[in-house]
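A short write-up of the structure that comes next.
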Amino acid sequence: MVRHGAFAYTWDLVGDPSAAARFADLGIDTVTLQAAYHSVRATTAWHPAHRVVHADHAAAYFRIRPERWRGLRPLAPTWAVDDEDRFGTATAALSAAGLRAEAWVVLTHSSVLGRSAPEYAVINAYGEALNYALCPAQPAVHDYALTIVQEICEQYDVPALMLEACGWLGFEHACQHEKTSGADLSACARDLLSICLCPACAARLSLDVPQLAADIKLVVDRELQEGIGAGSNLADALGAERAGAIYRHRREVITGLVREAGALAGDRELLLMATDDPQVTGPDVGVGLSGFTPEPAAFVLKCWDDEEAAIARMKAAAARTGVPLVANVNALGERPSELPALAARLVSAGASELRYYHAGLASPARQAAIRAAVQEVT
């Protein structure tokens, strides 16, 4: 039996007594509900009180207990319906409708904290802070992330936590209006600009960090100013030894964070948004799935791009790991009518569960597509 779930925001539910029943009518059994999340602007087509929510900064939607925090702490939301425990209110509504609610937890993506404490942000080779990206190698960020997990687990009886941004966000995951395309930066150059060389990372890399920074700047500047390509990957640009050291450092930090989060979660499932490419930085951590320990309850693979690429990624992941795979499927794409066939192909390729993005943002046609996909795949 394939589990079908959909993502949702707390503001889709809080203040709308019909929302949970509307989600249940999709045929799903699970809702992945925002517990800690970054800034966003979202439509709320059916809500009785609002149509557009402007979430101006990253926030915690669970009850914030001030005495439990030290150093970095999340902000409370001030938008939509006023409720200090939006996550608790929303999960109660979902439970009453017979739906399983799991916590959707974004850990290291917070522009508001990165701006207020830039010393904890990702620092690139030029010394520039990516203020939307907190560095998980920083002890203060590590503690902040684990406190989020602990507070959710202590306050709510959720069966699972889906962890997003459990590692480094990189150059590609920006926050302002994007004006970088004209520079023709290659994927490799963007990956070079995503390498964090903050003091915490520098101390753990076991490399000549000043030389590494100089070499990164040389390669990137040659591409920007002379049109000389950076290469196809970090090994091309920096050498296999230094690329390997960067990958090992990232994996050690991410696995340590996941291990400690798992200990706090106890019997709850940890679902890790991940990709099989260790060069990747972003909301889906690049770790390499084979041999990843501790094993999460499932890896969540984003299947938002070209259908054939998504199928190939799922098959490759299934061949490399025995950990269950959850397909994160975009129901907001250009061709919603193709969603049922895609869901069926992803299950055939190795997915054991599906999560549809996004129940609250979906138009009637897209909700119908989700419903048809659930009926297609049992």
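Every read-out reported here was derived from the displayed coordinates using simple, explicitly stated rules and does not represent laboratory data. Not measured: the values here are computed from a predicted model. Counting neighbours? That spans all protein chains shown, and the Cβs are built from the backbone with ideal geometry, glycine included.
Pairs of alpha-carbon atoms within less than 8 angstrom and 6+ residues apart define the contacts here; what relative contact order does the range 109-197 have, in percent? Walk me through the numbers before you get to the answer.
On the way: 97 pairs, mean separation 30.0, N = 89.
Result for the range 109-197 is 34 percent.
How many nm is it between the label spots at residue 352 and residue 52, if each spot is 7 Å from the Cα in line with the beta carbon?
With each label point 7 Å from Cα toward Cβ, the separation is 4.3 nm.
Quick one, what does Rg over Rh come out to for the range 125-190 if you take C-alpha atoms and the Kirkwood Rh?
A ratio of 1.10.
Please check which bits of the range 202-233 a label hung off residue 186 would reach, taking the label as a point 7 Å along Cα-to-C-beta and the cut-off as backbone N under 18 Å.
215-233
Relative to the longest principal axis of the C-alpha atoms of the chain, give the angle of the C-alpha long axis of helix 364-376, reported between 0 and 90° and rounded to the nearest 10°.
90
Report, to the nearest 10°, how far helix 209-226 tilts away from the longest principal axis of the Cα atoms in the chain, using its own Cα long axis and a range of 0 to 90°.
80
Between residue 222 and residue 79, what's the calculated FRET efficiency when r is the beta-carbon distance and R0 is 56 Å? Round to 0.05. Walk me through the intermediate numbers first.
Numbers: r = 45 Å, r/R0 = 0.80.
The calculated FRET efficiency here is 0.80.
Which order, highest average first, do 1-7, 235-241 follow once you tally other Cβ atoms within 10 Å for each residue and take the mean per peptide?
On the way: 1-7: 19.7, 235-241: 15.6.
Taking the mean over residues of other Cβ atoms within 10 Å, the ranking is 1-7, 235-241.
Of 13, 218, 192, which is the most mobile in a GNM of the chain whose springs link Cα atoms less than 10 angstrom apart?
218
Return one number: the angle in degrees, 0 to 90 and rounded to the nearest 10, between the long axis of the Cα atoms of helix 339-349 and the longest principal axis of the Cα atoms of the chain.
Taking the Cα atoms of the chain, the angle to 339-349 is about 60 degrees.
Any idea what log10 I(q)/I(0) is at q = 0.11, 0.16 Å⁻¹ for the range 142-295, Debye with uniform C-alpha scatterers and no solvent?
Values returned for q = 0.11, 0.16 Å⁻¹ are -0.50, -0.93.
Evaluate the distance, in nm, between pseudo-label points positioned 7 Å from the Cα of residue 335 and of residue 154 along their respective Cα→Cβ axes.
With each label point 7 Å from Cα toward Cβ, the separation is 5.0 nm.
Any idea how far apart residue 95 and residue 179 come out in nm if each label point goes 7 Å out from Cα toward Cβ?
With each label point 7 Å from Cα toward Cβ, the separation is 4.9 nm.
Take every DSSP beta bridge whose two residues both sit in the chain, then give the antiparallel share in percent to the nearest 5.
Antiparallel bridges make up about 20 percent of those DSSP assigns within the chain.
How far, in nm, would the chain grow between residue 259 and residue 70 when pulled straight, counting 0.36 nm per residue and subtracting the alpha carbon separation? Provide the component values of the computation, followed by the final result.
Values: separation 189, 0.36 × 189 = 68.04 nm, distance 2.11 nm.
That pair, residue 259 and residue 70, stretches by 65.9 nm at full extension.
Suppose R0 equals 45 Å. What FRET efficiency, 1/(1 + (r/R0)^6) with r the Cβ-Cβ distance, do residue 375 and residue 232 give to the nearest 0.05? Write out the running numbers ahead of the final one.
Numbers: r = 43 Å, r/R0 = 0.95.
Plugging the Cβ-Cβ distance into 1/(1 + (r/R0)^6) gives 0.60.
Most mobile of 336, 364, 77 per a Gaussian network model of the chain (Cα springs, under 10 Å)?
364
Of 21, 317, 331, which is the most mobile in a GNM of the chain whose springs link Cα atoms less than 10 angstrom apart?
21
Just want to confirm a number: the relative contact order over the range 213-360, from Cα pairs under 8 angstrom separated by 6+ residues, in percent.
The value is 15 percent.
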